[in-house]
Amino acid sequence: MIDPPFVPEPIARKLLIIKANGNDFPVSERPTGRPKVRTMQVLGSIVRAGEATIARRDFDLMDHNTDPALNELTEFTAVLSGADYAYMGWLDFSRLWFKSSFGFTAADQPRSSTACQYVVGEGKPLIIHDAAADPRFSPSGIELPGGKPCRSYAGLPLRTANQHIVGTLAILAHRPNQFGHETVTLLEVVGRQIVTRLELYNRIRAQEQAQRARQQMERALAIERCFVRATLDSIPALVVVLDTAGRVIRFNLPCAQLTRLDPTKSAGRAFVETLLEQRDRAWAAGKVREAAAGQVSGPHETWWRVHPKNEKHVPGDPGVGGDVRRRVSWTLRPLKGPNSEIQYLIVSGQDVTDQREAEKALLSSENRYRQSVESSLGFLFTCTMDGRVTSLNAFTAETLGYRTEDLTGRPLAELLDFSGAECFQECLTALRTHGEWQGAIPVRRSDGIYRRIAFRSRRMQLHGERPFILIHGMDVTEQHEAEEALHIATRQRELILQSVGDGIYGIDLEGRLTFINEAGARMLGYRVEELTGREIHELIHYSHADGTPYSRATSPILQGMRRRETVRMRDEVFWRHDGTKMPVEYVANPLIEDGQLAGMVVAFQDVSERRRLDRMKDEFISTVSHELRTPLTSLRASLGLIWSGALDNRPEKQRQMMEMAIANCDRLIRLVNDIVDFEKMESGRLPLAHKAVEAVDLLRRAADVAHPAATAAHISIQVQADPALVFADSERILQVLKELVSNAIKFSPPHTVIRLGTQPAAEGEVCVLVEDQGRGIPAEKLDHIFDRFQQGDASDSRALGGTGLGLALCRSIVEQHGGRIWAESAPGKGSRVLFTLPNADRMPA
């Protein structure tokens with residue numbers, strides 16, 4: 001069948017979901033990418049009203065990005081019902097949040113001012129004919145943010161398959177008495193589609209890790225290119241789109257199959273003359289004119305013409321021996337365009353020929369009814385409105401291991417367990433209020449084994465008889481067990497994937513991300529939902545570390561997918577959400593399903609820490625080799641001169657060489673001791689003998705030890721400290737003070753003062769300081785002087801003989817005591833090194 005190019009996309013989207021013969025036919029769309037709706041403040045709470053339950057897991061259905069299809073469904077509901085406003089929302093304890101809306105743009109409103117609170121509270125549909133006369137609302141009507149007060153309201157709770165309420169669907173109008181019971185039927189139809197769509201999101205998200213589900217989603221995305229044709233032709237309802245003059249623009253495949261018309265040849269023909277019989281054309285033409293003026297018409301039930309077989313055959317034709325006319329229940333509705341003018345008329349109908357004949361047969365013959373029941377190959381039985389079996393076919397009795405007379409007159413609840421009995425009571429309640437119910441209930445056979453039966457029930461009302469329940473069922477035990485096994489396997493795969501510390505993600509054939517584990521998203525600085533569905537190459541792998549761009553043609557991952565080869569890369573970078581680069585190693589493997597390439601799976605590691613350790617190792621080797629080579633070279637030169645006898649006649653020079661050799665030996669010993677002590681301190685193997693000691697005593701001992709060196713450098717040392725007990729290893733703290741005072745002497749000019757003292761600190765601590773009047777430390781070096789092999793000046797180690805480990809060892813010792821150490825300085829104004837120790841007076845006894 002060739003589609004004429006007459007139906008614009010908005011019209012097709014408004015026909016996205018249509019209820020026909022009691023079946024829901026949702027079509028999936030991609031998420032819009034808008035921010036998520038505000039999450040429920042109290043997620044775990046459960047609100048029970050009547051028999052309606054709002055549970056945390058059902059709020060997940062509403063807590064998603066805005067879906068344009070839901071917006072269009074809401075608009076479509078408003079158009080079909082003649083409402084001024086429509087919305088789909090959900091309630092928390094204080095607000096009504098709008099998932100989608102028509103006629104206004106507000107995001108939420110107080111719960112107390114809505115009518116939806118009563119819909120959720122009562123758990124059933126609600127119609128308010130005149131809110132101005134209702135004491136629950138203000139005299140002006142129901143308030144709506146961004147809209148005028150409304151006097152008419154109709155709403156119903158949105159229920160999941162397990163009868164949990166997840167939100168409300170409501171329409172409002174300025175005028176009173178705008179809505180009737182047929183409006184509730186419309187809301188129920190649309191509401192089921194909305195819930196079906198929301199539950200579909202959950203199912204897709206839960207199964208997105210499964211390879212087969214991803215393949216199905218890819219097929220669904222490919223079908224979007226034929227969206228209009230697939231949408232209209234896949235639904236069983238009869239849909240005809242007319243212009244305002246009543247001429248056919250197009251009709252869907254079920255309509256073509258019913259009427260045996262070629263859609264390409266029927267465009268432009270008058271609807272009433274093409275499809276209706278002669279006696280119905282005059283009044284139907286008037287209904288078309290009324291619809292063009294903005295009035296909804298219907299439902300009408302008339303005969304539609306079935307055209308002769310000599311016209312072009314339509315795929316799926318119902319058969320050769322069909323009637324020349326069919327009974328159709330149809331409704332005519334106007335559809336406004338963006339400028340609020342009527343642009344199209346939509347005829348939506350349902351072939352009720354078989355239904356009417358079945359009703360006529362039921363009314364005419366009890367034997368005929370019993371024969372149809374007995375000939376059914378599924379569960380088929382009737383019950384009273386309180387659940388007592390009145391009749392059943394032989395298949396039902398035989399499958400359950402009973403005779404027909406054993407079950408006749410018996411309450412069905414006797415064959416159910418406790419949970420099944422509760423579910424059946426919900427079924428009876430739904431049948432009393434809505435007339436239909438469907439669900440799966442475990443039923444016990446005569447041998448005690450439970451079989452899971454999927455029921456579809458409908459309340460029937462024969463003329464002059466009491467209402468009863470007609471139930472059709474199918475054994476879905478094996479299917480349910482298979483779904484449970486698939487769910488368990490999927491959940492296990494998800495848990496395994498999330499427990500892996502490395503990042504793992506998958507892409508489809510277009511390079512879009514289909515899944516990523518939490519560890520991978522966290523490494524990249526995203527949330528999982530922010531990455532899903534996005535083109536991953538353009539997001540994290542678009543260039544090399546030096547900024548050179550990676551095109552899709554040169555991307556190793558995409559090349560590996562095209563070649564169906566495994567790719568292993570070591571020196572690569574991924575780009576985080578904040579724009580920083582992350583060095584990675586990754587392995588990309590092609591994903592093959594049934595011999596077909598489905599995408600790639602990439603496992604990557606953040607090797608930043610490994611690179612940092614490699615750099616530290618290189619720096620350590622370089623520095624230590626330099627520190628060893630310099631004194632050894634000097635030592636070798638001194639000893640060489642002495643050994644050669646060149647200094648035999650110069651005893652003073654020989655003595656100077658010996659002193660130089662001894663000084664270099666001491667320097668090597670200090671370097672080795674510092675390295676050994678630092679390694680022990682870092683590994684926690686350096687024992688500390690903590691005890692209470694007076695801080696001023698430690699400062700004086702440090703001053704005494706440094707006195708000779710200070711005197712030689714013409715520098716004085718002052719100790720100014722208040723009495724304070726510290727809890728520390730006195731020898732190790734003395735080692736810290738000696739290092740700090742020694743550095744102060746090295747970098748202080750002659751005739752200056754070095755001050756040792758204490759100052760106020762945080763509660764439970766004592767702060768010790770060493771202050772000099774030297775040249776100071778550059779600001780950019782303050783945060784690094786306590787690192788290994790770091791100096792305030794690169795020439796210091798050569799000129800002053802430092803090892804570069806002294807301050808690093810000081811920091812390690814102070815931190816082992818539970819304190820911290822830092823430096824304060826300004827160039828040319830001296831330096832202060834401070835560290836804290838625990839106060840012995842505040843230590844527990």
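Computed from the coordinates by the stated procedures, all read-outs in this text should not be read as laboratory data. In this text, all values refer to a predicted model and were calculated from it rather than measured experimentally. A quick note on method: Cβ atoms are made from the backbone with ideal geometry, for glycine too, and the neighbour counts reach across all protein chains shown.
For the listed residue pairs LYS265/LYS336; LYS124/LYS148; LYS265/LYS287; LYS581/LYS781; LYS691/LYS781, the alpha carbons are over 30 angstrom apart in LYS691/LYS781.
Rounded to 0.05, the FRET efficiency of the VAL587 and ARG820 pair, given R0 = 41 Å and the Cβ-Cβ distance, is 0.45. The Cα atoms of the range 144-215 give a gyration tensor whose axes a ≥ b ≥ c have a/c of 1.5 or more with a/b greater than b/c, which makes the shape prolate. Checking the a/c ratio against 1.5 first, then a/b against b/c, what shape does the Cα gyration tensor give for the range 147-188? The shape class here is oblate.
Site pair ARG563 and THR244 shows an inter-label distance of 6.3 nm when each label is modelled 7 Å from Cα along Cα→Cβ.
Counting only the Cα atoms, the range 64-213 fills a convex hull of 111 Å³ per residue. Considering only LEU734, GLN718, PRO750, whose Cα is most displaced toward the positive end of the charge dipole of the range 714-771, charges sitting on Cβ of Lys, Arg (+1) and Asp, Glu (-1)? It is PRO750, whose Cα lies furthest towards the positive end.
Full extension of the chain between ALA603 and GLU273 yields a length gain of 112.3 nm, computed as 0.36 nm times the residue separation minus the alpha carbon distance.
Taking the centroid of alpha carbons for each part, the range 589-611 and the range 325-342 are 52 Å apart.
For the pair the range 232-290 and the range 500-554, the centres of their Cα atoms are 50 angstrom apart. Distance between the pseudo-spin-label points of ASP578 and LYS691 (7 Å out from Cα toward the beta carbon): 4.8 nm.
Classified by the C-alpha gyration tensor, the range 166-208 has a prolate form. Its axis ratio a/c, with a ≥ b ≥ c, is 1.5 or above, and a/b is larger than b/c.
Put simply, the C-alpha atoms of the range 551-601 give a gyration tensor, and the ellipsoid matching it has half-axes of 24, 11, 10 Å, longest first.
Between THR633 and GLU731, the FRET efficiency from the beta-carbon distance, with R0 = 30 Å, is close to 0.35.
Take the Cα radius of gyration of the range 392-530 and divide it by 2.2 N^0.38 Å, N being the number of residues; the result is 1.62.
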